[in-house]
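Taken together, the values in this text are just the output of simple stated rules run on the coordinates, not laboratory data. This is a predicted model, so every value here is computed, not measured. So basically every Cβ, Gly included, is an ideal-geometry build from the backbone, and we count neighbours across all protein chains shown.
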Amino acid sequence: MVSPRAPKGLVALVQLLVPCKRMRIVPTQQLAARLILSASIAFYRGLPGSAIDLLSPPQWVMTDNGAELQRMTDANSKLQDKAARRVYDSGLELADKGADRETQFVDDSLLRKAEERFALLIDELAPNYYGAYANRANVRVARGNYVGAVADYEAALRLAPLAKDAWITYLNLGATLIAADRAPEALDNMERAVRMSKDDRLALLGRGNAYHALGKWGAAAADHGAALEKNPSDIQPFWIRYALELFEARERRPEALGIIRRVAAKYDLEPEAQLAACSMLWDGGNELEQQEALRRWNYAPLTTRRSMATLDVRSKQWPPTALLAANNFRAAAPEVPVELLVEAPKVEQEASLKSATSDPSAAAALDEKALRLDEIRKLKQQIAELQGSA
């Protein structure tokens, strides 16, 4: 059965693309238009009968223990048996097909078969092969099994601690720990990824997201800013998170506005980008900035505005200052008619009801949405009553 979206919870992953010469990239998250740099899992291929490159060894590796770790990494990075190689390649192919890069459709039946291939390697054909553990972990992430993925990533790192690509495994491990609400542990792994990769842009993004999950806005902004500076002309959705972190330090509000305006211009239909821009312009803004905020709101398409009015910014981990700014702006903005908030267009409504009749989780989601909209309607009514009494 093909799911129309990546597994629930993957949007919480640290947002990374992990390119590597011998890694195949298979996306496990929603598209970049989701406003967060899409997550990907990097599949290690290796070379038949050869070891992967090792890190330039630091001084401690020259000790007897370090040399042994190097030999172990070399041995556990080989896959010489032809039958094992065929099983491994089959697993990679199934994993590729199971998570489509363009559409983000996930076919769980193919991913399950891929996981079985890697399990066969681990249990019988090549129990010490680093790539089998790392790739089964990737598939488990795609299937939402974060506990199993963490165990496999850790096993891969024990088997090949000095692999040149080990920083990617630390990166993926940290991403999975963030998704599992284990940000303190994630930060430790992201620190290692940054050190081992010598401040690679993607490792900086990962550590920045770990800091963000911990509420360390200044440290998060430093890492996201450093990642941005490595490619300042390439506007990416993670810039929203960077702007929100800058906005938390009020003295950096002008810088935050510059960033969020550029993101909102590129992602002009994306509700989170537009709401972030409107909220930052409104909160503490002069008359011209507040007029710009209202103009953005009024010019946004109705579907975008409806999403802006109901967007749960707390679940998106907006910092406190931005969270308050969003509430203040939405209270002041022209009201979206209640019937447009509650009633979806006829086609959309019929599709939702059809889905709900066959999917209990869809019905629960509809109930949750209705409850949230009812709370918004009551809040707006209270605001109107307070304004009337004043």
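May I ask you to evaluate 6.51 cos²θ - 1.76 cosθ + 1.60, the Karplus curve with θ = phi - 60°, for each residue of the stretch 157-166 and list the ³J(HN,Hα) values in order in whole Hz, giving x for glycine and proline?
The phi angles translate into 6, 5, 6, 9, x, 10, 5, 4, 8, 4 Hz.
Starting at the first residue of the stretch 232-249, write each ³J(HN,Hα) from the Karplus equation 6.51 cos²θ - 1.76 cosθ + 1.60 with θ = phi - 60°, in whole Hz, x for Gly and Pro.
Listing the rounded values in order: x, 8, 9, 6, 10, x, 5, 4, 4, 4, 4, 4, 5, 5, 5, 4, 5, 8 Hz.
Can you run phi through the Karplus equation (6.51, -1.76, 1.60; θ = phi - 60°) for the stretch 272-284 and list ³J(HN,Hα) in whole Hz, with x for Gly and Pro?
For the stretch 272-284, the Karplus curve yields 5, 5, 5, 5, 4, 5, 4, 5, 5, 5, 6, 6, x Hz.
Could you tell me which of the pairs Lys230/Lys266; Lys164/Lys316; Lys97/Lys164 are separated by over 23 angstrom between their Cα atoms in the structure shown?
Lys164/Lys316; Lys97/Lys164
Whole Å is fine, so just give me how far the alpha carbon centre of the stretch 314-334 lies from that of the stretch 252-305.
Spelled out, the Cα-based centre of one part sits 12 Å from the other.
Identify the trypsin sites (Lys or Arg not before Pro) of the stretch 80-131 meeting these criteria: DSSP loop state and at most 16 other C-beta atoms within 10 Å of the C-beta.
Arg101
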